[in-house]
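As structure tokens, the structure follows; a few thoughts come after it.
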Amino acid sequence: MSRIGRKPIAIPAGVTVTVDGNNITVAGPKGTLNSTVNPLMIVTVEGETVVVSRPDDEAKSRSLHGLTRTLIANMIEGVNNGFTKELEVLGVGYRVAKQGKDLVMNLGFSHQVIMSETDDIKIEVPDPNKIKIIGIDKQKVGQFAAEVREKRPPEPYKGKGIRYVGEYVIRKEGKTGKGK
């Protein structure tokens, strides 16, 4: 039995979970999320908890059990508290700013790199070297953060670039300078 899958998910106050076949709708103070789970999984709302069960012990059912439970738990967490990814920009002359709904990044290119907020994703720039990406859908927040980081990933020699807060970048030693 899946250790994660068999744990019931507590529904906090102010959050409603609706199960219609294999469609799940979670509504809370921060918004509403919809998802379709695999038809093999059995999702039921029992009082103040959501229970995910599986019909049999086949490999496919076992692999989907914990995944389905985690996806539903992330939906409940997202509409109740939301998710945040923080990025830091390191490098001389590298800085970010927010102009309206656009994130404007100076990353050492001949042009500025501009990314816009979406309906699901909000961007905050607390200072010129920090970016906060906020949303209720964990997957979309992580994807948007990865796309921002992709514009200038950290390089291994000087460590310049965009990285997640707390990310460790393995540094390489440069050239020794001995020559003819």
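The values are calculated or read from the model by the stated rules, or taken from the named source; none is laboratory data. What you see is a predicted model, and the numbers here were worked out from it, not measured in a lab. In this analysis, Cβ positions are derived from the backbone assuming ideal geometry, glycine residues included, and neighbour counts consider all displayed protein chains. Calculation scope for accessible area: heavy atoms of the full protein, side chains included, ligands and nucleic acids excluded. Shrake-Rupley method; radii C 1.70, N 1.55, O 1.52, S 1.80 Å.
Results, tabulated for the structure shown:
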{"item": "Residues of the range 1-18 satisfying the condition of being surrounded by 16 or more Cβ atoms within 10 Å (Cβ to Cβ) and either in a strand (DSSP E or B) or touching a Ser or Thr at 6+ places or on another chain (Cβ under 6 Å) (or both)", "result": "I9, V17"}
{"item": "Residues located in the range 129-141, provided they are outside any strand (DSSP E or B) and either in contact with a Phe, Trp or Tyr (Cβ under 8 Å, 6 or more places away or on another chain) or modelled with pLDDT under 95 (or both)", "result": "N129, I136, D137, K138, V141"}
{"item": "Close pairs from the range 56-80: first touching a residue at least 12 places away in the same chain (Cβ under 8 Å), partner among the β-branched types (V, I, T) and open to solvent by 40 Å² or more (accessible area, probe 1.4 Å), Cβ under 7 Å, at least 6 apart", "result": "G66/I4; R69/I4; T70/I4; V79/T32"}
{"item": "Conditions (1) open to solvent by 60 Å² or more (accessible area, probe 1.4 Å); (2) more than 30 Å from D20 (Cβ to Cβ): number failed by E77", "result": "(2)"}
{"item": "Scan of the range 140-170 for residues that are within 19 Å of T84 (Cβ to Cβ) and crowded, with 20+ Cβ neighbours inside 10 Å, ordered by number", "result": "V141, F144, A145, V148, I162"}
{"item": "Checking G21 against (1) more than 24 Å from the chain's Cα centre (by Cα); (2) surrounded by 11 or more Cβ atoms within 10 Å (Cβ to Cβ), the condition it does not meet", "result": "(2)"}
{"item": "Failed item in (1) closer than 24 Å to A73 by Cβ; (2) outside any strand (DSSP E or B), with K122 passing the rest", "result": "(2)"}
{"item": "Residue that is without any contact (Cβ under 8 Å) to a residue 60 or more places away in the chain, open to solvent by 20 Å² or more (accessible area, probe 1.4 Å) and closer than 18 Å to K7 by Cβ, where the choices are G47, G108", "result": "G47"}
{"item": "Of the criteria (1) modelled with pLDDT under 95; (2) over 22 Å from N34 (Cβ atoms); (3) aliphatic (A, V, I, L, M), which one I114 fails", "result": "(1)"}
{"item": "Selected residue (only one of T84, T118, T70 is farther than 27 Å from P154 by Cβ, within 20 Å of the chain's Cα centre (by Cα), open to solvent by 40 Å² or more (accessible area, probe 1.4 Å) and of a type in the set (V, I, T))", "result": "T70"}
{"item": "Of all residues in the range 24-40 being under 24 Å from the mean Cα position of the chain (by Cα) and either in a loop (DSSP other than H, G, I, E, B) or of a type in the set (F, W, Y) (or both), the one that is nearest to G82 (Cα to Cα)", "result": "K30"}
{"item": "Selection within the range 96-105 - assigned to a strand (DSSP E or B) and either aromatic (F, W, Y) or loosely packed, with under 15 Cβ neighbours inside 10 Å (or both)", "result": "A97, K98, Q99, D102"}
